[in-house]
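J.: Could you have a look at this structure, given as structure tokens, before my questions?
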Amino acid sequence: MVASFPAATVRTNTMSQSSTLARWIVGAVAAVGSMLVVPNRTSADDASDVQPNILWIVTDDHRPDSIQAYNRAVYGTDNSPLGYVESPNTDRLAAEGVLFVNTFNNAPVCAPSRGSVHSGRYSFRTGHLAFELTHQMPDFTRPTVTQFLRELGYTTATFGKADSYIYGWGPGQGFHDAGHWDHRVHFKNDLQRQGLGDLVVNNVYDTTGGQWKDLGRAETTHYPDGRVKQHFLTRTDGPITEEDKRAKDALTEEFDLLRGYTRASSDIILGGENPMPADRTVDARVVEEFENHLLNAGQPYETLWGKPVQGPDPEKPLLMHLGFHLPHTPVLPPKSVRDRFRKHTYDIPEFDQAEFDDMPEQLQVIHNVGQVDEMTSDEMQQMAQDYYAFCAHGDALLGRAVEAFKQHSEASGRPWLILFQVGDHGWHLGEQGISAKFSPWHQSVGNALIVVSSDKSLFPAGQINRQLTEYVDVKPTLLQAAGADLADDTFEHLDGYSLLDVHNGVHAERAYALGEISVVAGPRAYLHTDRFRFSMRTRPFNGSPPPDMIGRDIEWALNAPVEDVDLALYDLAVDPLERDNVANDPEYRELAAFLRDKLGRIVLGDGRVEVDWSKPNTYARSNFAAGADDKKLDIPPAIIPEVETAP
């Protein structure tokens with residue numbers, strides 16, 4: 001059934017629940033032979049013709065200014081603008097290859113950001129803007145990067161925060177892997193549930209008789225001596241008990257926990273001491289499983305919790321995905337690392353009422369949800385100290401994983417490539433008065449990428465790349481590394497470019513990076529250039545589109561009164577910290593109108609998809625401005641204000 005709506009087409013298809021993805025996978029498999037650039041030979045004397053092993057590392061809520069190499073490239077100093085950081089292993093990795101310092105994620109919250117990476121498409125073209133239970137049944141979907149690599153001959157394994165949950169569901173299908181991974185170890189579903197963790201914050205379920213009854217949200221603390229303590233933060237059957245309150249207070253004091261009491265989620269832990277030593281945090285356990293998998297190539301072994309599994313096939317190229325949970329909340333560096341950072345004082349960003357008053361309504365909502373500006377100065381210091389200490393703990397673990405991966409590749413006679421995605425998005429430490437993500441401000445969307453290859457002719461050592469890059473570039477980079485020909489029609493769906501091509505100047509430089517999100521206060525899209533940061537409301541409702549609004553009134557944000565579209569514009573030439581919204585200032589109004597039209601036409605009219613995910617294949621696609629995303633801006637010079645550049 002096809003129904004027409006203004007500027008969009010809603011498509012409903014009642015095909016069998018697996019036929020859409022199956023058809024696309026079959027097509028992709030058929031095209032594999034023509035996609036390959038290099039033969040899949042494994043002789044050590046012709047290693048240049050062998051598909052490389054690939055290590056893909058992703059951290060969570062990670063600011064790139066926790067890395068000294070990034071700070072030296074961007075700020076000319078080892079330290080973050082806020083203060084002291086440590087990153088010897090990441091610095092060493094960056095020195096071996098190319099550091100992309102001007103990278104933006106395409107949705108600053110975990111699920112849609114990771115969805116854009118795995119699909120290689122902007123979230124407005126996948127219909128995945130928040131925490132929807134998305135699936136690959138609609139006919140506009142395409143195989144993910146891991147599905148493509150498996151068809152290209154790779155064996156795949158993921159450790160930590162696995163991303164395949166993004167596409168692991170479909171009406172009538174329940175939860176399943178959907179063909180992403182040959183081996184998977186999840187930090188929560190595997191390690192923490194087996195008691196291999198530190199402080200776990202999660203919903204607790206009663207599984208008596210096979211029934212999953214949600215009892216409430218709890219904090220479960222694992223101690224080095226094997227003790228386990230648990231108390232509820234909320235209970236589904238009523239208020240928490242006095243015993244819960246006393247246990248929570250005792251835990252807060254025992255581990256010096258800094259709770260985000262000024263935020264909407266007041267129990268969120270923004271700092272404190274990990275109950276486990278550095279080698280037994282949940283992320284350390286993730287790396288231990290990672291190392292064990294590589295050490296047992298081609299043979300059976302047991303996981304840390306005693307499950308019999310098989311090591312990777314040594315005859316196949318290997319994709320290893322390492323998804324750290326840190327430095328995501330709860331922010332709990334181990335004591336041995338934390339003590340080093342307690343000696344340092346940080347320059348906490350300034351925030352005032354005038355800055356809040358300048359924000360449009362959507363951004364004020366984001367501020368109110370994540371605000372920390374009412375915390376004491378000592379609490380703000382602890383927040384910064386513990387965050388950067390947690391990042392330093394991650395750096396030590398990253399060093400272990402990189403070394404294990406290189407040793408495995410050398411032993412198997414394969415070349416290798418490492419891609420480090422510094423965060424699925426960023427994190428604020430007081431900028432805009434918040435400790436959160438979710439926003440179009442730089443600390444939420446600004447990240448970095450590091451790419452290193454054993455073949456230095458691909459990614460030369462010690463290079464800094466300052467071109468605009470985006471997270472949609474990760475999928476084409478990994479595909480090309482695996483031997484895929486990106487010029488093949490199979491990959492016409494990709495919104496990004498291979499970072500190898502970017503670094504070699506194959507593509508004209510982008511004039512902007514963009515993205516959209518619907519979490520907390522959205523839908524809201526953003527467009528960032530070297531000088532300007534612009535964002536706007538894209539739809540008249542909040543969150544995912546209601547079924548009766550899918551594809552309807554799609555041009556609203558282009559035609560509505562300007563005050564309803566919540567424009568925000570920051571001029572980095574005079575306001576590099578994004579504190580003064582000038583969208584309504586007389587000298588910037590024409591520029592704001594130009595950017596509104598440009599961004600609106602891209603995200604609303606150049607392949608936008610809105611989906612009813614409760615059904616197999618029902619969606620609306622809008623193409624009233626096809627081709628608007630041309631990577632060019634061409635702002636008329638007359639509407640660009642002349643200013644004195646900020647020092």
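The values are calculated or read from the model by the stated rules, or taken from the named source; none is laboratory data. Values in this document were obtained by computation on a predicted structure and should not be read as measured data. Cβ placement follows ideal geometry from the backbone for every residue including glycine, while neighbour counts extend to all protein chains displayed. Note: areas computed on protein heavy atoms with side chains; ligands, DNA, RNA excluded. Shrake-Rupley method; radii C 1.70, N 1.55, O 1.52, S 1.80 Å.
J.: Looking only at residues in segment 160-202 that are hydroxyl-bearing (Ser, Thr, Tyr) and crowded, with 20+ Cβ neighbours inside 10 Å, which one is modelled with the lowest pLDDT? Talk me through it step by step, then tell me what you get.
T.: Narrowing segment 160-202 to residues hydroxyl-bearing (Ser, Thr, Tyr): 164-165, 167.
Still in the running and crowded, with 20+ Cβ neighbours inside 10 Å: 164, 167.
Details: SER164: 56, TYR167: 72.
The selected residue is SER164.
J.: Across segment 607-639, what is the number of residues that are small (Gly, Ala, Ser), more than 27 Å from the chain's Cα centre (by Cα) and farther than 18 Å from THR538 by Cβ?
T.: Summing the residues that are small (Gly, Ala, Ser), more than 27 Å from the chain's Cα centre (by Cα) and farther than 18 Å from THR538 by Cβ in segment 607-639 gives 1.
J.: Answer yes or no as to whether GLU374 is farther than 19 Å from ILE268 by Cβ and of a type in the set (Asp, Glu).
T.: no
J.: Follow-up question, since we're still on this one. Yes or no: segment 419-428 includes at least one residue that is touching a Pro at 6+ places or on another chain (Cβ under 8 Å) and open to solvent by 30 Å² or more (accessible area, probe 1.4 Å).
T.: no
J.: Please tell me if LEU133 is of a type in the set (A, V, I, L, M, F, W, C), over 28 Å from GLY483 (Cβ atoms), touching a Gly at 6+ places or on another chain (Cβ under 9 Å) and not in a strand (DSSP E or B).
T.: So LEU133 fits the description; yes.
J.: Let me ask something else about it. ARG263 passes all but one of (1) farther than 27 Å from HIS393 by Cα; (2) open to solvent by less than 40 Å² (accessible area, probe 1.4 Å); which number fails?
T.: Evaluating ARG263 over (1) farther than 27 Å from HIS393 by Cα; (2) open to solvent by less than 40 Å² (accessible area, probe 1.4 Å) leaves (1) as the failure.
J.: Identify all residues within segment 204-220 that are assigned to a strand (DSSP E or B), farther than 15 Å from ILE268 by Cα and of a type in the set (Val, Ile, Thr); write none if there are none. Walk me through how you get there before you give the answer.
T.: The first filter runs over segment 204-220 and keeps only residues assigned to a strand (DSSP E or B), leaving 204-206, 213-220.
The next check asks that each one be farther than 15 Å from ILE268 by Cα; those that pass are 204-206, 213-216.
Selection gives VAL204 alone.
J.: While we're on this one: Which of the residues belonging to segment 503-548 are surrounded by fewer than 17 Cβ atoms within 10 Å (Cβ to Cβ), touching a Phe, Trp or Tyr at 6+ places or on another chain (Cβ under 6 Å) and at pLDDT below 95?
T.: HIS507, the sole residue that qualifies.
J.: For segment 439-551, list the helices (runs of 4 or more DSSP H) that sit wholly inside it and hold at least 3 residues that are over 27 Å from LEU318 (Cβ atoms); which are they?
T.: On the way: elements: 442-445, 474-482, 499-503.
Passing ranges, in order: 442-445.
J.: Let me ask something additional. Look at segment 589-610 and say how many of its residues are open to solvent by less than 10 Å² (accessible area, probe 1.4 Å) and assigned to a helix (DSSP H, G or I).
T.: Of the residues in segment 589-610, 9 are open to solvent by less than 10 Å² (accessible area, probe 1.4 Å) and assigned to a helix (DSSP H, G or I).
J.: Output yes when any residue across segment 245-255 is in contact (Cβ under 8 Å) with a residue 60 or more places away in the chain and open to solvent by less than 50 Å² (accessible area, probe 1.4 Å), and no when none is.
T.: So far as segment 245-255 goes, yes, one or more of its residues are in contact (Cβ under 8 Å) with a residue 60 or more places away in the chain and open to solvent by less than 50 Å² (accessible area, probe 1.4 Å).
J.: Which one of the conditions (1) open to solvent by less than 60 Å² (accessible area, probe 1.4 Å); (2) among the aliphatic types (A, V, I, L, M); (3) in contact with a Gly (Cβ under 9 Å, 6 or more places away or on another chain) does ALA626 fail to meet, given that it meets all the rest?
T.: Result: ALA626 fails condition (1) only.
J.: (1) closer than 25 Å to LYS475 by Cα; (2) in contact (Cβ under 8 Å) with a residue 12 or more places away in the chain: which one isn't true of GLU403, the others all being true?
T.: (2)
J.: Taking GLN467 and the conditions (1) open to solvent by less than 40 Å² (accessible area, probe 1.4 Å); (2) over 25 Å from LEU577 (Cβ atoms), which numbered condition does it fall short on, given that it satisfies the others?
T.: (2)
J.: In segment 400-415, which residues are in a helix (DSSP H, G or I) and either open to solvent by less than 10 Å² (accessible area, probe 1.4 Å) or of a type in the set (D, E, K, R) (or both)? Spell out the reasoning first.
T.: Residues of segment 400-415 in a helix (DSSP H, G or I): 400-412.
Correct list: ARG400, ALA401, GLU403, PHE405, LYS406, SER409, GLU410.
J.: Further question on the same structure: Can you pull out the residues in segment 321-336 that are under 13 Å from LEU257 (Cα atoms), open to solvent by 10 Å² or more (accessible area, probe 1.4 Å) and in contact with a strand residue (DSSP E or B) (Cβ under 8 Å, 6 or more places away or on another chain)?
T.: THR329, PRO330
J.: Restricting attention to segment 467-507, and to residues there that are β-branched (Val, Ile, Thr) and out of contact with any His (no Cβ under 9 Å at 6 or more places or on another chain), which single residue is nearest to TYR122 (Cα to Cα)?
T.: Among those that are β-branched (Val, Ile, Thr) and out of contact with any His (no Cβ under 9 Å at 6 or more places or on another chain), it is VAL472.
J.: Quick one: count up the residues across segment 86-118 that are open to solvent by 10 Å² or more (accessible area, probe 1.4 Å) and modelled with pLDDT under 95.
T.: The total comes to 1.
J.: Looking at segment 552-569, is at least one residue within 24 Å of THR126 (Cβ to Cβ), surrounded by fewer than 20 Cβ atoms within 10 Å (Cβ to Cβ) and modelled with pLDDT under 95?
T.: No, segment 552-569 contains no residue that is within 24 Å of THR126 (Cβ to Cβ), surrounded by fewer than 20 Cβ atoms within 10 Å (Cβ to Cβ) and modelled with pLDDT under 95.
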